[in-house]
Structure formats: C-alpha cells, structure tokens
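Throughout, read-outs are computed from the coordinates displayed, never taken from laboratory work. Note that the coordinates shown come from a computational prediction; the quantities given were computed from them, not determined experimentally. A quick note on method: Cβ atoms are made from the backbone with ideal geometry, for glycine too, and the neighbour counts reach across all protein chains shown.
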Amino acid sequence: MAKISEAVISEILSKTDIVDLISEKVSLSKKGKSYFGLCPFHNEKTPSFSVEPERKIFNCFSCGEKGNAIGFLQKTQNLSFVEAIENLADRANVSIDFTKYKRENPNKKFLDINKDASNFYKLYLSSTKQGIVAKDYLLKRGISDEIIEKFSIGLSPTEFDLLYKTLTEKGILVSDLYDLGLVKQSKKENFYDLFRERIIFPILDEYGNVVGFSGRTYLDKDDDGPKYINSPQTIVFTKSNVLYNMNNAINEIKKNNRIVLFEGYMDVIAAYRAGVKESVASMGTSLTNDQVRLMKKYTNNVTICYDGDPAGVEATERAIKLFEQAHMEIKIILLPDKLDPDDYLKKYSAKELNKFINDNWIDKIEFAYLKSNMNIDFTKMLDIEHFKKIIFDLIKNSSNTIIESYINRLSKDVKVSTESIRQDFNQYTKRNIRNLRSRNIPRMEIERKYAVAERNLVNYYIKDFKYVKTFNNEFGEVFYIEPIVRDIKMIIEDVHYKNLEASKESIIDEEELLKLFNPDQLLFYTKRVKYKMAVLDDKEYRDLMGVIQKYLEYLVIQELEEKIRNAPTMLEKIKLAEYRDVKIKEAKYGQR
C-alpha cells in the first residue's frame, strides 16, 4: 500500500482551520493567540485544553493529549490515519486520488446494503401509520425522538416482503440480501423479510458500520414468538466480536476512563437516558474474549451491570473471570429486587439509576462473598469449610484492613470466634507458602522459558498475521507472565485487522507501529523484544509455541494438585489424583 506523501498531508493541514474543526466538539474561548476549552479526552472543570491556530496544534496540559487536526479526528471519531486525512481533504476542498493510497474494503458492498436497510427501517418508523403506533410504544417506554435518532432505531413493516422489494428495485442482488440475513426463502422458493412488525435496533461495529440488526416485538399478539430476533452470523457480523453502542461510547469511555457493561440494548438506552453514556452491551449473557479485548483497547476499567436475577449473577461471575484474565480493574453493580437497568429506571428515575451505578458498586471479593453466602448451608460443617476456603483464597493477597474486615464477617456468618477464623486463615496462608516454596525452583525455570517465548513470538506477530491467528486458534486467552506483552500483541492484532479492512493482506510498517506504543511499551519492545530475522523460521515458531504449550500443561497440573489438597473427601482426592496422573502422562515435558 503506497504512503500518502508529506507534501499532500502538509497541504491538507495548511488548508484546515483547526479552531473551526475542534469547535465542533469543544466550546473554545480566545485568550491571547490561543483558544481554550474543557478537554474532550478527560473530565475537568477548569479548562486546560488549548488550540494554537498558528502552529495548528492542540494540547491538554492536564492529561497530556496533543496533536494536529489529523490526530484530533482519529481520537474523537475513531478514524484510521487515512480516513482522517480523507475527511480533512473533503473539508478543505483538496482533491486527492485516494485510490493510490487505499484499496476498497472487500466488505464495503455488504456494509452499504446494511446501511440502506437501516435507512429503510428509520424511514418506515418516521413516516407511516404503523410507525405512529410504534413511536407511541417507544415514547411510553421513555424513548424520545432524541434517543431514536441517537441509536438509529427503526421499524420493520407488516408486509412480508417490502424491504426485499424496495432494495432489489434499487439493483441490490437478492443473493446479497440473503447472505446478510435480511431475507429468507420459503419452501416455495419465495423470498420474504426476516424482520416483520418489529422495532429495529441496528448493531454497529466500533467504526460506525451497520453490521447487523435486532428486532423486538411491540404489538400484543397471541403467538408465542421470540421477543427478539437477531441477524444471523454473516460475512460482516459475528455477534461475539461486537458490542452494542461501542461506536457511540468510545469518546465517553476515553473521557471517563471506564466502560459500563450491560446485557441488552434496552439496558444501554436506559443508562444513556440516565447520563451513563460510556455504556455497551454484550447482547446476551455470554461475554466473549473478543469482546473483552475490544473493551481493553479503550480502557482498563470495567463496571459490570448485568440483570439482578440468578442468570444475571451467574453471567457476572463468568464475565469477572474473563476480565481477570485480561488483567482489568473490575467493579460490579448488583441492582436490587432482581431488576434490570431498564426496570430500575422505570421504578425509580434516571437520576436514581445514575446514582446507583456510580455510588453502589462492589469489588470482585465482595461479589464472591455475597454469591457464595447465598449457596451455603451454615448447618453443614463441610459447607462452612468450603466457604472459608473460597474467602481465604480471595483475600490472601489483600491489605490487613480488608483481611480483618472479612475475618470479622466470616465470624458472624458462620458463628465462630474471630480468633478461630484468624488461626484458620493463618494456617491456610502458611500451607500456600510452603507449597509455593516446594515448587519454586522448577516453576521459576519454566516461567523463565515461557517469558522468553512470549516475548519472541511478538516478532512473528508483526511479520505475518497468520502467526497471530495460529496462536489465537491454539491457545485463545492465556496467562501472560509479562502483561505488557499481551497489550503489545493486542495493538499489533488491531493494526492487522485495520489493514485487512483496506486490503487483502496486512503488512505492518514497524515505524508506524511504534507510534502506537506508549513509552513503557516502546522501551520494553526495543530493549527486550525486538530482534532481527532474515526470514521467518516456522521451526522456531513451532518451538516457541511448544514452550507455551508446556507451561499451560504445567499450570493445569498445578491447579489439579491444589484441588487435591483442598478436596473435602478422600474419594474426591483419589479421583482428582487419577486425573492428574493422566495429565502428567499427556504433558510433553514429562514428570516434574
């Protein structure tokens, strides 16, 4: 892919009025030669964000964000470098042949069709008699015209094939509509619309492309059809890779340095009405590693606010594990009376929902304590012992204040003296230390090799996307001894995906890649990761992958040994020991 010349970039920047550009997002006041306003990248009450029209740059003295017009568009609109330049060129009336610099997105045709469908649904909601009924339903649920516009909400018609007819009359192929899941085919081989008589919620990716739809019933009917119908998996839509409202939330996520995760569309809309605009939904309860990776691109802080019913609590527990693996900071909201956010807003108010989300979070230890407490029979000694071990394991690395607090709570809940609980806790931690020491030497050697392997693999990720895909397919989310390696890998992976959107292949420009690293990542990469490879060596790559495999097998066996030590009955100990012996035989590194 050819590079845009510096001369072209300079011409575009020279013809761009950076004050006008930034004024569209920030209210600016002139002081001397500069303009000042509240920073769009973080929350502040005193303006520390400045724009210098002569130098054509912006700078925040508080959070450190700075750059030119290109950088501002990239950061505020989540555009690629080329997309930002194209946007500025249009604004400045600079004619550039962008075909020299980027290739057509192979999926653009399908994304355009989805956009046409979205516009069709929006028009149907706003301009038909059926739309009046649907809008009345939405307004009764607190969804105003502003919300309808913000989330591009639409309506599918009663007629079974109106979308099909409208789009095919525009020249769109029925095969493309079928591949996108917008139409289905009957046994008589007639085509009909997938969505009929439903409120339509377009699903957009992080870049603002319409990739799919969800349709919700709104009419009272006797049939037992599903409340929601979603687009099937298509060439542009994989539900597990997308978060609802991510495109709208990105700037708010950056500003507030957190993301609030909900289950469904209506939860996000309720949160938006309550002023919590850094909100996204996993569109169901099964959060995926891909969705976690997407969130971690923009912040390390997540607040989980799933429904308060038992299914929502179980989903929260699963989500916590995924966020822990990604080393993210986690807060949890447990809404009272098993309410979901939309119901809470209706029962109380938008202001109360905002207050509850911001003021009533708990951490993962408290969540585990409350959840475990619900499932314990305090008349059974085995249940009490199991409960104690769960809590001991959670608090063992905490501060003395937290440890003492939970010891006191355990004492009250299990009706045992605090001194007895404290003695049990001290014995538990001593056993863990002895176990750690006994395994320390082999573990240190295995971890050293693993750390070297995970660092060296980064060089392969940069050279060819196939190595990233192979690693992900074989291992998925793994434990990283050095979490900074995971963060660098995620940046590389994101660059590959963005390159592939504009081209059929991805070749990473190392110089451009390094600009995406923060100072710590840049130092780590240059000092501890980078090395020269004349050619890609598949044998070395497989050897490195083998080291990863050995370490993961080692962790499985260590986990089994921990379970054996903590098993409540001898029968369970024997079964776990037999399974451990099988895993040892399977392990490539053999006996420890």
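Find, to one decimal place in angstroms, the Kirkwood hydrodynamic radius of region 235-389, where the mean of 1/r is taken over every pair of different Cα atoms and then inverted.
Every distinct Cα pair counted, the radius reaches 16.0 Å.
Packing-wise, with mean Cβ within 10 Å as the measure, how do 34-44, 15-25 rank, highest first?
34-44, 15-25
Put +1 on the Cβ of each Lys and Arg and -1 on the Cβ of each Asp and Glu in the chain; which of Asn566, Phe237, Asn87 then has its Cα farthest toward the positive end of the dipole?
Farthest along the dipole direction, towards plus: Asn566.
Using only the C-alpha atoms of the chain, find the volume of their convex hull and express it per residue in Å³.
Dividing the Cα hull volume of the chain by its residues yields 225 Å³.
In region 222-291, what is the volume of the convex hull around the alpha carbon atoms, normalised per residue and reported in Å³?
About 110 Å³ per residue, rounded to a whole number.
Using only Cα positions of region 6-100, each an equal point scatterer, no hydration layer, compute I(q)/I(0) via Debye at q = 0.14, 0.23 Å⁻¹ and quote the log10 values to two decimals.
-0.50, -1.18
Where in region 541-565 does the amide nitrogen come within less than 11 Å of the point 7 Å from the Cα of Lys396, taken along Cα to Cβ?
Backbone N within reach: 562-563.
Quick check on region 318-423: take the gyration tensor over C-alpha atoms, sort the square-rooted eigenvalues as a ≥ b ≥ c, and tell me if it's rounded (a/c under 1.5), prolate or oblate.
It comes out prolate by the Cα gyration axes.
Remind me, relative contact order of region 368-438 in percent, using alpha carbon pairs under 8 angstrom and six or more residues apart?
Relative contact order for region 368-438 comes out at 21 percent.
In debye to the nearest 20, how big a dipole does the chain give about its Cα centre with +1 on each Lys and Arg Cβ and -1 on each Asp and Glu Cβ?
1460
Before anything else, pin down the relative contact order of the chain: Cα pairs under 8 Å, at least 6 apart, normalised by residue count, whole percent.
8 percent.
Normalised by the number of residues in region 108-237, what is the relative contact order in percent for Cα pairs under 8 Å and 6+ residues apart?
25
Count the net charge of all other residues whose Cβ sits under 12 Å from the Cβ of Thr303, scoring Lys and Arg as +1 and Asp and Glu as -1.
-1
What order, most packed first, do the peptides 409-421, 382-394, 151-163 have when packing is the mean number of other Cβ atoms within 10 Å of each residue?
151-163, 382-394, 409-421
Among 491-499, 517-525, how do they line up by average Cβ neighbours within 10 Å per residue, starting with the highest?
491-499, 517-525
Rounded to the nearest 500, what is the 222 nm mean residue ellipticity of the chain from helices alone, with -39500 (n - 2.57) per DSSP H run of 4+ residues and division by all residues?
Only helices count here, giving -17000 deg cm²/dmol.
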